[in-house]
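Quick one: the structure is below, and I'll ask about it shortly.
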Amino acid sequence: MPDNKMIEEINRRRTFAIISHPDAGKTTLTEKLLLYGGAITLAGSVKGKKTDRHAVSDWMEIEKQRGISVTSSVMQFEYEGCCINILDTPGHQDFSEDTYRTLMAVDSAVMVIDAAKGVENQTRKLFKVCVMRHIPIFTFINKLDRDSRNPFDLLTQIEDELGIATCPMNWPIGNGVDFKGVYDRNSRKVISYTANGGQREVESVEAEPGDPCLDSLIGEANHRQLSEDIELLDGASDELDLERVAKGELSPVFFGSALNNFGVEPFLEGFLKMTSPPLPRVSDKGIIEPTEDVFSAFVFKIQANMNKAHRDRLTFMRVCSGKFTRDMEVSHVQGGNKKMRLSQPQQIMAQEREIINEAYAGDIIGVFDPGIFSIGDTICTPGHEFKFEGIPTFAPEHFARIRHKDTMKRKQFVKGATQIAQEGAIQIFREPDSGMEEVIVGVVGMLQFDVFEHRMSTEYNVEIINEGLPYQYIRWIDNEGIDPKKLNLSSDTKIVQDFKGNYLLLFTSEWNIRWALEKNEGLLLSEFNKN
Ligand code: GDP
């Protein structure tokens, strides 16, 4: 039987990811949440100087150079009895597969949107990935202290473009220099703010709409506008239905300014009330409840060389049930139920990594990995083995033939390409019967090529030659024992193999896929790798 302490610990956990467009304010909002949680004491300490673009969660060199988050990091803090795990995600659609994997490890997501820009073209795909997962999505519309789009228009855009209904929890009063605060729809009170450089204790005054003091606090025009808006909202917006929120059909929306701390604490409090403790997970032995006695976790992210000096490889796992203790023996299911102790289990706390002694369902732990884990692997208490539902790989859409420039560097080339592929940062293929002198690399977004090239050069000291290939579609051949060379294929279709030996076809157009299916009766092609 699980003990009460364990159940209590699990129930107070909240694990979520933050997704946003680059520059919408994800880092700033994360920092403010850490500030409320007391994990840091002064706003600005995560981000550093204004000119210094890198924050704690931005690990890699290329992220600093481009000012985007490529990898996801994890942070834990406490707030009013809750133990909160925040997972950061890359803010660019080219890394949407990474975001998808991170979303597999959380119970809800917070989507940050810039109030001036709304849903941006570049990240539409990223947000759609989130909607695809059917997890609860909470929206924080940020930067109301800048000239913003009409809040009603912003909500309509989210609904139309992402196909999710919205329910505003609060409502902005003015915007830009005239941003005065928010109206909380639940308490029916106005919270007006005074700027103080974004520190924790932001000065606020509360009053009810209609109260004459509001004419001076927020201005007569804003007061009038607010009364009109409230009437419209009460009549027209979706009701807050927590069941629909849980299914990812309805997103509660908060307005504010992360930089000025306007609306951040009400957001955090509202969010914590609505988001759920760790949710059950699906396995091949049925549903696994978080409070089950048996410890279980799955790998959702592998990150090599985070610290160049140590050449380490960290594997991140989400604990799904039970309790993890530091020296406990676990079984690696996909590794043939191999028994092991997880080496130096870590948790990332704001700026530091800490060795942890225990972790509960909902927590994320990072362990040093000599290269044995793959994305999607299950780890659990020996004798109780099962496998969690796999994490699908996205079909790459861009392909290139990659060679090393210097033939003396063959070994490093093979090692680098293999390790980066194991992390899931790229997918690699080869032509049948060819060696590892060159590989065909497939990516979902073009920026992944840049990251690959940069990492090969900085981490493995190998310069590569990248020759773009015209293919756009990839299909796995599902027929057992088929000889692909005997297939009747159009001349611009290419046969390749993945590193498990499975055969695949690369196509330049959908027309060619149809051609292959028509000319080869019984041929089974699939978009996802099922192995
Ligand atoms: P990220 O790329 O989504 O992590 O965005 P950042 O948190 O790094 O923010 C991008 C820029 O927007 C930074 O210069 C922030 O200081 C600024 N920023 C963030 N939140 C706000 C806000 O509420 N108001 C204003 N005016 N600027 C903000």
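Mind checking the full-extension length gain between residue 527 and residue 187? Use 0.36 nm per residue of separation minus the Cα-Cα distance, one decimal, nm.
Values: separation 340, 0.36 × 340 = 122.40 nm, distance 4.94 nm.
Using 0.36 nm per residue and subtracting the Cα-Cα distance, I get 117.5 nm.
Treating cross-link reach as a plain straight distance, find the aspartates and glutamates whose alpha-carbon is under 14 Å from the alpha-carbon of residue 128, omitting any fewer than eight places away in the same chain.
The reachable aspartates and glutamates, counting only those whose Cα sits under 14 Å from residue 128, are 94, 97, 98, 120, 159, 160, 161, 249.
Pop the C-beta distance of residue 213 and residue 121 into the FRET formula with R0 = 51 Å and round what comes out to the nearest 0.05. Mind dumping the intermediate values first?
Details: r = 43 Å, r/R0 = 0.84.
Once rounded, the FRET efficiency stands at 0.75.
Suppose accessible area is computed on protein heavy atoms with a 1.4 Å probe; arrange 134, 223 from highest to lowest.
On the way: 134 125, 223 20 Å².
Result, largest first: 134, 223.
Only helical DSSP H runs with n ≥ 4 go in: add -39500 (n - 2.57) per run for the chain, normalise by residue count and round the 222 nm mean residue ellipticity to 500 deg cm²/dmol.
Working: 13 runs with 130 residues, N = 531.
One gets -7000 deg cm²/dmol as the mean residue ellipticity at 222 nm.
Using a 1.4 angstrom probe with every protein chain in place, what is the largest-first accessible-area order of 83, 213? Intermediate results must be reported in sequence, preceding the final value.
Values: 83 5, 213 55 Å².
Listed by decreasing accessible area, they come as 213, 83.
In nm, what is the difference between 0.36 nm times the number of residues separating residue 243 and residue 206 and their Cα-Cα distance? Don't skip to the answer; put the middle values down first.
Values: separation 37, 0.36 × 37 = 13.32 nm, distance 3.03 nm.
Length difference between fully extended and current span is 10.3 nm.
Also, quick follow-up: Considering the options 85, 194, 271, tell which one lies farthest towards the positive end of the dipole of the chain, charges being +1 on Lys and Arg and -1 on Asp and Glu at the Cβ, about the Cα centre.
85
Tabulate in residue order the Karplus-calculated ³J(HN,Hα) for the stretch 390-404, using 6.51 cos²θ - 1.76 cosθ + 1.60 with θ = phi - 60°, rounded to whole Hz; enter x for Gly and Pro.
3J(HN,Hα) across the stretch 390-404, in whole Hz: x, 9, x, 8, 6, 6, x, 10, 10, 9, 8, 8, 10, 10, 8.
Where nothing but the Cβ of Lys and Arg (+1) and of Asp and Glu (-1) is charged, how large is the charge dipole of the chain around its Cα centre, in debye to the nearest 20?
The dipole of the chain has a size of about 1940 debye.
Could I ask something else about it? Pop out the ³J(HN,Hα) list for the stretch 374-386 in order, Karplus 6.51 cos²θ - 1.76 cosθ + 1.60 with θ = phi - 60°, rounded to Hz; leave Gly and Pro as x.
With the stated coefficients, the stretch 374-386 comes to 10, 4, x, 5, 9, 10, 8, 4, x, x, 10, 5, 7 Hz.
Specify whether the C-alpha gyration tensor of the stretch 382-531 places it in the rounded, prolate or oblate class, a ≥ b ≥ c being the square roots of the eigenvalues: rounded for a/c under 1.5, otherwise prolate if a/b is larger than b/c and oblate if not.
Taking the square roots of the gyration eigenvalues as a ≥ b ≥ c, the stretch 382-531 is oblate.
Here's a follow-up. Using a 1.4 angstrom probe and counting only protein chains, how large is the accessible area of residue 519 in Å², to 10?
100 Å²
Same structure, new question: Which whole number in µm²/s is D for the chain by Stokes-Einstein, with the Kirkwood Rh taken over Cα pairs at 37 °C and 0.692 mPa s?
132 µm²/s
Quick check for me: using +1 on Lys/Arg Cβ and -1 on Asp/Glu Cβ, what's the dipole size of the stretch 356-476 about its Cα centre, in debye to the nearest 20?
Using only the charged Cβ atoms, the result is roughly 400 debye.
In Å², what does the accessible area per residue of the stretch 349-505 work out to with a 1.4 Å probe?
Working: 6980 Å² over 157 residues.
Spelled out: the 1.4 Å probe surface of the stretch 349-505, per residue, equals 44 Å².
Indicate the gyration tensor shape class of the stretch 462-531 (rounded, prolate or oblate), computed on the Cα atoms with a ≥ b ≥ c the square roots of the eigenvalues: a/c under 1.5 is rounded; otherwise a/b larger than b/c is prolate and the rest oblate. The partial results should precede the final answer.
Details: a/c = 2.04, a/b = 1.36, b/c = 1.50.
The shape class here is oblate.
Order 111-119, 427-435 from most to least packed using the mean count of other Cβ atoms within 10 Å. Could you put the intermediate results ahead of the total?
Details: 111-119: 21.6, 427-435: 14.9.
The densest-packed peptide leads the list: 111-119, 427-435.
Give me the count of lysine pairs in the stretch 386-531 whose alpha carbons sit under 14 angstrom apart, restricted to pairs 8 or more positions apart or on different chains. Provide the component values of the computation, followed by the final result.
On the way: 485/494; 485/519; 486/494; 486/519; 500/530.
So the count works out to 5.
Could you work out the relative contact order of the chain, using alpha carbon pairs under 8 angstrom and six or more residues apart, expressed as a whole percent? Don't jump to the answer; show the numbers that get you there.
On the way: 1159 pairs, mean separation 66.4, N = 531.
So the answer I get is 13 percent.
The values are calculated or read from the model by the stated rules, or taken from the named source; none is laboratory data. Worth saying up front: this structure is predicted, and the values here are computed from it rather than measured. Neighbour counts run over all protein chains shown; Cβ positions are idealised from the backbone, glycine included. Only protein heavy atoms, including side chains, enter the accessible area calculation; ligands, DNA and RNA are left aside. Shrake-Rupley method; radii C 1.70, N 1.55, O 1.52, S 1.80 Å.
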